[in-house]
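Participant: Below is one structure. I have some questions about it.
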């Protein structure tokens, strides 16, 4: 270390105190901590660079690419710069045995101090031969590296829940990090396909600021990013409540931003902060672009949320019935029906999760 | 003779392993192995074909649009859906943005460190760096103060002793030839490109809701509404935003990326005769310019055999086959059969060493990639193939013009294109051609709005009851890394068989039944290796293809094998 803290480093790179506080304020908003701006600023400035390693297994590098889109230009980039990213196959200069030794040395010399990020699921079939790096199986690597980490962040739905490789019929015996390496300390799931860059960055700043990890939901996801349903924050919610639905692609309702529920939107069954944080520096999000939510932050969504264009009540696990048609047919009491319908969905969803929890606990 | 293993090959998408025999300072023979497998095509079976694009898209999060495009095209061909003109324009824009952004990221963040010695940049003279940059283009960020600040930043980073992603690399390797000033300029542009890619890709957020994994694709069209009189659709505000992003993108490509590539290439001209490879090149062609059944393609299709630029052949998808002689699969017709994707079968059957292992048995099966062949011949696909076909056929004229300019700038002949350096230059030239074309498609959308044509989707073919009971289709696309094809068989509204033949399978596949090496393997033969324990030169040639391994690995089970679809509740 040369003794430079982040604040000094930012100044050296021409980032003003004002820009920096702006960044901290936006982080506070994402984390749901209004008023914490100065605390975040103080914490980040005084923090020395923590060591991170980023592992990729059965992945598509979509979370890596998402990470590269972290917004608030320059400053977000610099916050990444204040972390020592000792291993990341997609970005690192070293290759082959030099890359392997970068990981080995980090794990050996910083036991219990580094943070492991994992992208992709971990296959268990064919003795681990469905994913090897340097001749070693992913299963072997994830257990060693995450086992020695202060915390593990499963980035994206594949690492968090098994994701697409684990979708039926799961040809490779793919597992989530939680299942591949049971008993990890401080495991946090940042699901979604891919995880939103703003949420990944917010999680790291949360840790640097508050010296603890955030409260999690029943799927080990931070409440600041997964604490409310897409439906509850959706800009099209008023159209749902008044029974205004898109009926066909490109119709009048579609062009005027009506509710996509009848086209298969899974927003009511999906928890994530997409409606507020959006994507690519707040430019847009899938529903804003006229396409239904596919539920990508939820466990097993490739199986439970498909067919993607089927209405939610008809999707396995959400057998509520055809009440949306009732809403569409009735011109009286539309808002009330909408609210009731939403309540039913939430109740069913809750039941579904409770059943799942019970099933889990029987394992 | 030294046996060199590079695993993991880093700065790529996915998991790639290279084994090579090095003798007398050069590679005698090389083997390319993909070491990860998911089975997404198997997962696709039994599902709704309208969902397939989202599954296939997850094959790759780097080229995050390409499998979605190939998938909707394959299903559309099978069911007879016809996307309206707005959908064609939206797709062309999305595809071009993907190619341009991907090419820039590849050069600066995945490939540049094979040519640029970051540590050496600390000894550069900022004034000379500024002169160098100013001699290449009028890009405004090229002052002495700017490069001086960049150098200070680099020094501070290195001096603190935590090198992070730059640790353990090959700094100081004798194969690095750039003067310190060029290294410093490239370091600055590495950081600028990191900012640039994030801004430019907002085109995808506007047209697809988000990037990575855009979410506006539909079988039969696009989900992005078009209506100049709505605030919930593409309107004149978004048209203006797209135009601005396209201008900014063009600015960076023409004033930074392309000049950097030519400048760096001028120090590495020996690499214009290294890494040629199989010498056969293929492009399916893409970017339809009209809405007819056989539209003119902005980037042309064609085949080149034996580096003969005077004969551009036509492509027939029926001549595409895949072999598994050296791949971890079995075929019911035998180990040496070659199957067209419509009859494709892939039964994963790992027979390699049990991990952890030191070496693969390259005389047997050694990769999760299959070996695609066109009429029995290995083909190189990608930007070099496309630009060679454009050069040979003379269209688009801009491509021919830019290739000629690059050749005369470097004072080399067309034969220099068949090389590692040729791939790097072709990628930058293609980015320039495509980024210049984007405004034409933005304008096309605006023109359609002017005509009150707001159609985005062939709704008549949305309901599966309108589809033939049993149908087949294929969808072709030119992805950043080359020719991509998806083949689908649909029966009673559900996917029976799904198969992808992917750019990185064409390029990175293992030897075939006749022992013919794939393009990576062929191109590595003869590559110099100064220090076998620091195989920088091997990385150069492999990276020049822009490997994307998760794309390359696929599986479709034997069509006759019954598969129970298990729903996870």
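The values are calculated or read from the model by the stated rules, or taken from the named source; none is laboratory data. Please read these numbers as outputs of a predicted model, since none were measured by experiment. Neighbour counts run over all protein chains shown; Cβ positions are idealised from the backbone, glycine included.
Participant: Mind checking whether some residue in the range A:205-228 is within 13 Å of another protein chain (Cβ to nearest Cβ) and part of a helix (DSSP H, G or I)?
Facilitator: no
Participant: Right, another one. Is at least one residue of the range B:186-205 touching a residue at least 40 places away in the same chain (Cβ under 8 Å), under 30 Å from residue B:374 (Cβ atoms) and more than 12 Å from chain A (Cβ to nearest Cβ)?
Facilitator: There is no residue in the range B:186-205 that is touching a residue at least 40 places away in the same chain (Cβ under 8 Å), under 30 Å from residue B:374 (Cβ atoms) and more than 12 Å from chain A (Cβ to nearest Cβ).
Participant: Among residues belonging to the range A:90-105 that are more than 22 Å from residue B:531 (Cα to Cα) and at pLDDT below 95, point out the one that is surrounded by the most Cβ atoms within 10 Å (Cβ to Cβ).
Facilitator: A:90
Participant: A follow-up question, please. Please go through the range B:206-244 and give me each residue that is closer than 26 Å to residue A:70 by Cβ, at the interface with chain A (Cβ under 7 Å from one of its Cβ atoms) and over 23 Å from the mean Cα position of the chain (by Cα), ordered by number.
Facilitator: Residue satisfying the conditions is B:224 alone.
Participant: Next question, about the same structure. Please pick out the residue among A:234, A:289, A:274 that is under 23 Å from residue B:221 (Cα atoms) and at pLDDT 95 or above.
Facilitator: Checking each option against the conditions leaves just A:289.
Participant: Right, something else. Within the range A:170-198, can you find the residues that are within 14 Å of another protein chain (Cβ to nearest Cβ) and closer than 15 Å to residue A:118 by Cα?
Facilitator: Across the range A:170-198, the qualifying residues are A:174, A:175, A:176, A:179, A:191, A:192, A:193, A:194, A:195, A:196, A:197.
Participant: Which of the following residues is under 29 Å from residue A:279 (Cα atoms) and at pLDDT below 95: B:165, B:203?
Facilitator: Testing whether each residue is under 29 Å from residue A:279 (Cα atoms) and at pLDDT below 95 leaves just B:165.
Participant: For the range B:334-357, name all the residues that are assigned to a loop (DSSP other than H, G, I, E, B), more than 26 Å from residue B:277 (Cα to Cα) and touching a residue at least 12 places away in the same chain (Cβ under 8 Å).
Facilitator: B:344, B:345, B:346, B:349, B:350, B:351, B:352
Participant: Please find, within the range A:188-202, the residue that is nearest to residue B:43 (Cα to Cα) out of those that are touching a strand residue (DSSP E or B) at 6+ places or on another chain (Cβ under 7 Å) and surrounded by 24 or more Cβ atoms within 10 Å (Cβ to Cβ).
Facilitator: A:195
Participant: If you go through the range B:365-376, how many residues are assigned to a loop (DSSP other than H, G, I, E, B) and either within 14 Å of chain A (Cβ to nearest Cβ) or touching a strand residue (DSSP E or B) at 6+ places or on another chain (Cβ under 6 Å) (or both)?
Facilitator: 5
Participant: Is it true that residue B:438 is modelled with pLDDT of 95 or more and within 22 Å of the chain's Cα centre (by Cα)?
Facilitator: When the stated conditions are applied, residue B:438 passes them.
Participant: Tell me which strands (runs of 3 or more DSSP E) are completely within the range A:57-160 and hold 1 or more residues being closer than 20 Å to residue B:165 by Cα, in contact with a helix residue (DSSP H, G or I) (Cβ under 8 Å, 6 or more places away or on another chain) and outside the structural domain of residue A:202 (by TED's automatic domain parsing), or say none if there are none.
Facilitator: So the answer is none; nothing clears 1.
Participant: Take the conditions farther than 17 Å from residue B:30 by Cα and crowded, with 21+ Cβ neighbours inside 10 Å and apply them to residue B:385. Does it pass?
Facilitator: Yes; evaluated as a whole, the condition is true for this residue.
Participant: With the structure loaded, tell me whether residue A:278 is without any contact (Cβ under 8 Å) to a residue 24 or more places away in the chain, touching a strand residue (DSSP E or B) at 6+ places or on another chain (Cβ under 7 Å) and surrounded by fewer than 24 Cβ atoms within 10 Å (Cβ to Cβ) or whether it fails that test.
Facilitator: yes
Participant: Next up: Quick one: residue B:154 ticks every box in (1) within 32 Å of the chain's Cα centre (by Cα); (2) assigned to a loop (DSSP other than H, G, I, E, B); (3) modelled with pLDDT under 95 except a single one, so which number is it?
Facilitator: Here residue B:154 clears every test but (2).
Participant: Within the range A:165-178, identify whether any single residue is surrounded by fewer than 23 Cβ atoms within 10 Å (Cβ to Cβ), at pLDDT 95 or above, in a helix (DSSP H, G or I) and assigned by TED's automatic domain parsing to the domain that holds residue A:57, and answer yes or no.
Facilitator: yes
Participant: Being in contact (Cβ under 8 Å) with a residue 40 or more places away in the chain, in contact with a helix residue (DSSP H, G or I) (Cβ under 8 Å, 6 or more places away or on another chain), closer than 24 Å to residue B:419 by Cβ and not in a strand (DSSP E or B) narrows it down to one residue among B:245, B:258; which is it?
Facilitator: B:258
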